[in-house]
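The structure appears right after this line, and notes come after that.
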Amino acid sequence: MKAVVITTPGGPEVLQLQEVEDTQINEDEVLIKVEATALNRADTFQRQGKYPPPKGASPYPGLECSGTIVAVGKNVSRWKIGDQVCALLSGGGYAEKVAVPAGQVLPVPQGVSLKDAAALPEVACTVWSTVFMMSRLSAGETFMVHGGSSGIGTFAIQIAKHQGVKVFVTAGSAHTSHPASSVFYEVMLC
Ligand SMILES: NC(=O)c1ccc[n+]([C@@H]2O[C@H](COP(=O)([O-])OP(=O)(O)OC[C@H]3O[C@@H](n4cnc5c(N)ncnc54)[C@H](OP(=O)(O)O)[C@@H]3O)[C@@H](O)[C@H]2O)c1
């Protein structure tokens with residue numbers, strides 16, 4: 001299969017599409033033929049050599065993906081070949097196929113394209129589980145998002161505004177992404 005390989009720690013130029021060995025699944029995993037993957041801050045840290053993948057994880061970047069299940073481990077009953085899914089990965093999303101434990105696989109929500117679903121498992125699940133499930137942010141409350149321009153921040157703002165929450169954010173500056181100190185805004189538009 002083909003995968004995006006970090007040839008040496010560095011900038012985007014160190015990423016190369018290469019032919020690599022096919023991924024094998026164990027009995028608790030499914031094999032996903034990747035439709036789309038996403039770019040998170042952690043991927044850029046991994047590319048720079050500052051965020052090594054956990055032991056046993058794929059050496060290729062990519063912490064989430066969407067795609068179609070093409071093989072199922074013998075202990076897996078929830079998923080079947082042909083299911084369209086998205087998944088949280090410990091790595092390996094930047095490849096044609098990725099092996100993932102069945103418990104990290106999610107259905108694609110109705111109304112969301114398979115491609116768009118690749119961006120849900122990391123950011124959407126992090127924001128939803130921490131802000132809305134654990135902290136129970138509710139309509140009429142006020143919510144402060146530090147780093148409002150981040151992937152996490154922009155998603156949190158949109159969902160919170162949609163839920164009728166008043167949102168404030170901090171950002172590095174009005175224009176740059178290299179802050180010396182934070183500035184503070186109220187988000188008026190969704
Ligand atoms: N992405 C995920 O899926 C995920 C999952 C779990 C946890 N997290 C955590 O969530 C945080 C954000 O991650 P991300 O991937 O969304 O990051 P990101 O998209 O790379 O954005 C990081 C942002 O932080 C802002 N920032 C830096 N210094 C700041 C300061 N002094 N004041 C205010 N804003 C500042 C920068 O905004 P400016 O443009 O204003 O400079 C930058 O855009 C990280 O702590 C990450 O570990 C992320």
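The values are calculated or read from the model by the stated rules, or taken from the named source; none is laboratory data. Bear in mind that the values here come from a model prediction, so they are computed numbers and not experimental data. Counting neighbours? That spans all protein chains shown, and the Cβs are built from the backbone with ideal geometry, glycine included. Heavy atoms of the whole protein, side chains included, go into the accessibility calculation; ligands, DNA and RNA do not. Shrake-Rupley method; radii C 1.70, N 1.55, O 1.52, S 1.80 Å.
Within the stretch 56-73, what residues put their amide N at less than 19 Å from the label point 7 Å along the Cα-to-Cβ vector of residue 7? It comes to 59-62, nothing else. Note on exposure: 35, 141, 64 ranked by accessible area (1.4 Å probe, complete protein assembly) read 35, 141, 64, with the most exposed listed first. Surface calculation, 1.4 Å probe, protein heavy atoms: residue 116 sits at approximately 100 Å² accessible. Solvent-accessible surface (1.4 Å probe) assigned to residue 88 amounts to roughly 70 Å².
Using a Gaussian network model of the chain in which every pair of alpha carbons under 10 angstrom is joined by a spring, one finds that among 74, 115, 97 the greatest mean-square fluctuation is at 74. Could you please state how large a percent of the accessible area of the chain is carbon and sulfur, counting protein chains only and using a 1.4 Å probe? That share works out to 56 percent. Evaluated at q = 0.16 Å⁻¹, a Debye calculation over the C-alpha positions of the chain (equal weights, vacuum) places log10 I(q)/I(0) at -1.05.
Karplus-based coupling profile of the stretch 129-145, in residue order and whole Hz: 5, 7, 7, 9, 7, 7, 8, 6, 4, 9, 3, x, 7, 10, 9, 9, 10, with θ = phi - 60° in 6.51 cos²θ - 1.76 cosθ + 1.60 and x standing for Gly or Pro. Between residue 129 and residue 51, full extension at 0.36 nm per residue minus the direct alpha carbon distance yields a gain of 25.7 nm. Cβ-Cβ distance of residue 74 and residue 146, R₀ of 35 Å, FRET efficiency by 1/(1 + (r/R0)^6): the value works out to about 0.20. Annotation: amide H of residue 146 within the under-5 Å range of 170, sequence separation 5 or more or interchain, hydrogens built in the peptide plane. If R0 is 35 Å, the Cβ-Cβ spacing of residue 173 and residue 112 corresponds to a FRET efficiency of close to 0.60.
A simple rule links phi to the HN-Hα coupling: the Karplus curve 6.51 cos²θ - 1.76 cosθ + 1.60 with θ = phi - 60°, which for the stretch 72-88 gives 9, x, 5, 8, 9, 10, 6, 10, 9, 4, x, 5, 9, 9, 10, 8, 8 Hz, with x for Gly and Pro. In the assembled protein chains, residue 170 presents an accessible area of approximately 10 Å² (probe radius 1.4 Å). Shown here is the pair-distance distribution of the stretch 58-162: with all Cα-Cα distances grouped in 10 Å bins from zero up to the longest one, the shares run 14, 40, 30, 14, 2 percent. Solvent exposure of the chain amounts to 59 Å² per residue of accessible area, where only protein heavy atoms count and the probe is 1.4 Å.
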